[in-house]
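We did not get these values from a lab; they are worked out from the coordinates using the rules stated. Keep in mind it's a predicted model, so treat the numbers as computed, not measured. Because the Cβ atoms are built from the backbone with ideal geometry, glycine has one as well, and the counts that use them run over all protein chains shown.
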Amino acid sequence: MAETVDSLKNAQRQVDMISKYLDVDEGILEKIKVPRREITVNFPAKMDDGTVKIFTGYRVQHNDTRGPFKGGLRYHPEVDMNETTALAMWMTWKTAVVNIPFGGAKGGVKCNPKEMSEGELERLTRRFTWEISPFIGPDVDIPAPDVYTNPRVMAWIMDTYSIIKGRAVTGVVTGKPLELGGSLGRFEATGKGCVIVTAKACQEYGIPLEGARVAIQGSGNVGGIAAYYFDSMGAKVVAISDSKGGIYNEKGLPLKRAMECKTKHDRFIPEEIGDCVAITNQELLALDCDILVLAALGNVLTGENAADVKAKMIVEGANGPTTTEADLILEEKGVIVLPDILANAGGVIVSYFEWVQNLQELLWSEEEIATRLQNILERSFEEVLKISKDKKVSLRMAAYILAVGRVAKAHELRGIYP
Ligand code: GLU
């Protein structure tokens, strides 16, 4: 994208936009617009060819007023402090809006995991874990998967941290493999949660999900899984993409073949899949459809392209995909936006279940997890909807009023030390 967006300014502006609805001390609002702690580490890792490369990693701990810091770790060439801080702040609002007892954090390493071998990724992960180990822990800060990290990476973090401590510490990360204290339902939780929130919103706004045309930007852990659930609920997935581009069929894609192709070649090849044509990611955003799911990276809808959106509803599976300029344009157009901090909260909710199971050394059934996830998301949607109706504001503003209000109240109750 040509336009560069300051993610942190965007995140801070979102708080400013709702401050007039809250009866909160100005000082507390200023405090929650900045992170509590920012950690930068520069560390070496050995490459397969014997050379040593220096990597830069971050962990930004935004807020732990309501509970331990919580949030993912991403491995991506564009990871930087500005965006990591915005993402950490969004985690604070996410855990608050669904009312789970965590704060917010985010981290990452600037690297290109697609060009690294498994061994290189393991060495990078283990050294990064060692570098941030004084600052994380089951009751301090609990990382999880995010863009281009997965249960395998979480297992290395858990192992490295456990070696440092001299005992198995399963609760230090969530999103682990099932065999290592991972939770049933965690892997699919974010994508599934998006669909739970969308189904509820469709009911409320009178958009039948059955037969709805859904375009999905992104086909990873969020987009790919959301596509499966939308399809199984009778919606019609008309487009899906990855970072290289997408495929489209206005009558609905042959989803199974498309995902098989993606798994096999790590891209969508229209000739191999059949019954679809190639489209760019920009074209996908402007498709004539009912529901547009943004499940790739941040800042994809901006002041420059938001006016092109034709969908009735936008579902933010990614974190921060819509800038504040785009938000205003969408609101004017009457597009319903299901905000990231609610729409993609399924992941951190099941992370919370995983952490609770680890601490109590319990195992919950898949059914128990599915029911609890659905209850929390539906209740949170209703709470946000009520504020949106009472105060006549967008769902994003309503979600922020609820979330920032909860964090500010917690600050007020704890008071300022000394
Ligand atoms: N990375 C996910 C998110 O952005 C999950 C975080 C977690 O489970 O802690 O919400």
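Quick look at the numbers
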item	result
Positions within the stretch 208-241 being in contact with a helix residue (DSSP H, G or I) (Cβ under 7 Å, 6 or more places away or on another chain) and closer than 19 Å to GLU272 by Cα, in sequence order	SER219, GLY224, VAL237, ALA239, ILE240, SER241
Any hit, the stretch 311-319, residues being in contact with a Cys (Cβ under 7 Å, 6 or more places away or on another chain) and away from the ligand (no atom under 16 Å from the Cβ)	yes
Residue selected from the stretch 80-97 under the condition without any contact (Cβ under 8 Å) to a residue 60 or more places away in the chain and either more than 13 Å from the ligand (Cβ to nearest atom) or basic (Lys, Arg) (or both), by the criterion farthest from ARG414 (Cα to Cα)	ASP80
Tally, over the stretch 151-169, of residues that are more than 19 Å from the chain's Cα centre (by Cα) and either of a type outside the set (S, T, N, Q) or within 15 Å of the ligand (Cβ to nearest atom) (or both)	13
Enumeration of residues in the stretch 1-51 that are part of a strand (DSSP E or B) and of a type in the set (Gly, Ala, Ser)	ALA45
Selection count, the stretch 344-376, where residues are free of Cβ contacts under 8 Å to residues at least 60 places away in the same chain and within 8 Å of the ligand (Cβ to nearest atom)	0
Residues of the stretch 102-129 satisfying the condition of being touching a His at 6+ places or on another chain (Cβ under 8 Å), within 15 Å of the ligand (Cβ to nearest atom) and part of a loop (DSSP other than H, G, I, E, B)	GLY103
Subset of the stretch 130-150 (residues that are of a type outside the set (A, V, I, L, M, F, W, C), touching a residue at least 24 places away in the same chain (Cβ under 8 Å) and either away from the ligand (no atom under 16 Å from the Cβ) or surrounded by fewer than 19 Cβ atoms within 10 Å (Cβ to Cβ) (or both))	GLU131, SER133, GLY137, PRO138, ASP139, ASN150
